[in-house]
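Asks: Let me give you the structure first, and then I'll get to my questions.
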Amino acid sequence: MSTNIHNISPSKVIKGEKAWEKSKHIISKISKRPLIIGRSESTKNIRNLFKEDLLNIDIQAFSCDLNYDCCESDIQKIYKFSKKYDCDSIIAAGGGKVLDAGKIIADLLEIKCITVPLSASTCAGWTALSNIYTTEGKFIKDVSLKRCPDLLIFDHNIVRTAPRRTLASGIADGVAKWYEASLTSSASQDGFVQQAVQMARVLRDQLFLNGYQAFSDPLSNAWITVAEGCALTAGIIGGIGGARCRTAAAHPIHNGLTQLAYKNKALHGELVGFGLLLQLHLEEQHSNSQLPSQAKSQLIDFLSLLNLPISIKSIGLKSVNPIVLEEACKFACKNDSDIHKLPFSITEKDLFEAMQSCHCVDKITA
Ligand SMILES: [Zn+2]
């Protein structure tokens, strides 16, 4: 039997109401000079509050903002800042791309990593993986890290204030776990992978059952199950199942779509959800079963309820024409893309045709 190394979970997870408040003394035990990083103006007050809180308990906290997504220039900038001020941990507070940046910088510096997701839009606060983008937000690659964060703080009071669009995006990303993992890993003989795939199924069921209520009412119990499901459980699935049960077509299609220019920048899960519809369409083409087609119509209804894009026109592209879409298909179908882990072979042309003929996608004409 082969040997596998698993990065399953953060060393400690603190979740619930006022989790930040309860975490401060734990931070003081693992870090004396933390560097708080983030990006968006809308969450700057929260990061300033974190810094003040830490200074008030005599922790010498620093702060430095990212200029873009998780990209090489920002990684270099924060790396240098952290070295200059001799910081002993990174506290990444923000959405998935901020968390990814914090994790990879802490990994490079070999210092402690603390993630504080400010929304439930992805499971990036949990995993030992960072996606790297260009300064324009085009996906370049994912990087496996040495370990999961040392501490994850999931504060319900804070996450509840995030725009509900971020929760919808997290739900699409969470639902995708099952459709991607079951397609690539259901035949695996590895118990961990089998169990992770089943956990992804349970998560999908819970998101289907409670997703809309959570989206409509952040004060409901459903919100807790759903927000934690998207930001935490989805991470456990990746941690236990490993790379093999992570992606099929939805994420590679997301990676391809990030290569394009947007009027309004789409969130990760918005593109993954749309990629999932295309994945199910491709499965439909390559199977005699009715299941992919049923799953696709069920998903179209669900994504619509959450105001998520279900057509190429609604993902906010600057220009929707065949040349632009071919670029996305080309990237998604690169030789080393996970899309080739599908149980059937797929070419750029297949994907382009799926975009053209999939009934959930508006017909594109030159
Ligand atoms: Zn994802």
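Asks: Could you run through segment 92-108 and say how many residues are in contact with a Lys or Arg (Cβ under 7 Å, 6 or more places away or on another chain) and part of a helix (DSSP H, G or I)?
Replies: Here the count works out to 3.
Asks: Separate question: Scan segment 105-113 and give yes if some residue there is touching a Pro at 6+ places or on another chain (Cβ under 6 Å), under 18 Å from Leu232 (Cβ atoms) and in contact (Cβ under 8 Å) with a residue 60 or more places away in the chain, otherwise no.
Replies: Looking through segment 105-113, none of the residues is touching a Pro at 6+ places or on another chain (Cβ under 6 Å), under 18 Å from Leu232 (Cβ atoms) and in contact (Cβ under 8 Å) with a residue 60 or more places away in the chain.
Asks: May I pose another question? Can you find, within segment 238-251, the residue that is surrounded by the most Cβ atoms within 10 Å (Cβ to Cβ) among those that are part of a helix (DSSP H, G or I) and within 11 Å of the ligand (Cβ to nearest atom)?
Replies: Once the filter is applied, the top-ranked residue is Ala250.
Asks: Shifting gears a bit: Test Pro309 against the criterion of being at pLDDT 90 or above and part of a loop (DSSP other than H, G, I, E, B), and give yes or no.
Replies: When the stated conditions are applied, Pro309 passes them.
Asks: Considering each of Ala214, Ala231, Ala266 in turn, give the residue that is over 15 Å from the mean Cα position of the chain (by Cα) and either within 16 Å of the ligand (Cβ to nearest atom) or under 30 Å from Lys12 (Cα atoms) (or both).
Replies: Every option except Ala214 fails the conditions.
Asks: Inspect segment 241-258 for any residue being among the β-branched types (Val, Ile, Thr) and either without any contact (Cβ under 8 Å) to a residue 40 or more places away in the chain or farther than 22 Å from Gly95 by Cβ (or both) and give the result as yes or no.
Replies: No, segment 241-258 contains no residue that is among the β-branched types (Val, Ile, Thr) and either without any contact (Cβ under 8 Å) to a residue 40 or more places away in the chain or farther than 22 Å from Gly95 by Cβ (or both).
Asks: Can you name every residue in segment 319-366 that is of a type in the set (Lys, Arg) and either at pLDDT 90 or above or not in a loop (DSSP other than H, G, I, E, B) (or both)?
Replies: Matches in segment 319-366: Lys330, Lys334, Lys341, Lys349.
Asks: Answer with yes or no whether Val226 is within 13 Å of the ligand (Cβ to nearest atom) and of a type in the set (A, V, I, L, M).
Replies: For Val226, the condition - within 13 Å of the ligand (Cβ to nearest atom) and of a type in the set (A, V, I, L, M) - is not met.
Asks: Sticking with this one: Please work out if Leu299 is within 15 Å of Asp173 (Cα to Cα), away from the ligand (no atom under 14 Å from the Cβ), out of contact with any strand residue (DSSP E or B) (no Cβ under 7 Å at 6 or more places or on another chain) and not assigned by TED's automatic domain parsing to the domain that holds Lys97.
Replies: So Leu299 passes the test.
Asks: Another question about this same structure. How many residues, within segment 207-226, are polar (S, T, N, Q) and surrounded by 19 or more Cβ atoms within 10 Å (Cβ to Cβ)?
Replies: Going through segment 207-226 one residue at a time, the tally reaches 2.
The values are calculated or read from the model by the stated rules, or taken from the named source; none is laboratory data. Remember, it's a predicted structure, so these values are computed and weren't measured experimentally. Methodologically, a virtual Cβ is constructed for each residue, glycine included, from the backbone with ideal geometry; neighbour enumeration extends over all protein chains shown.
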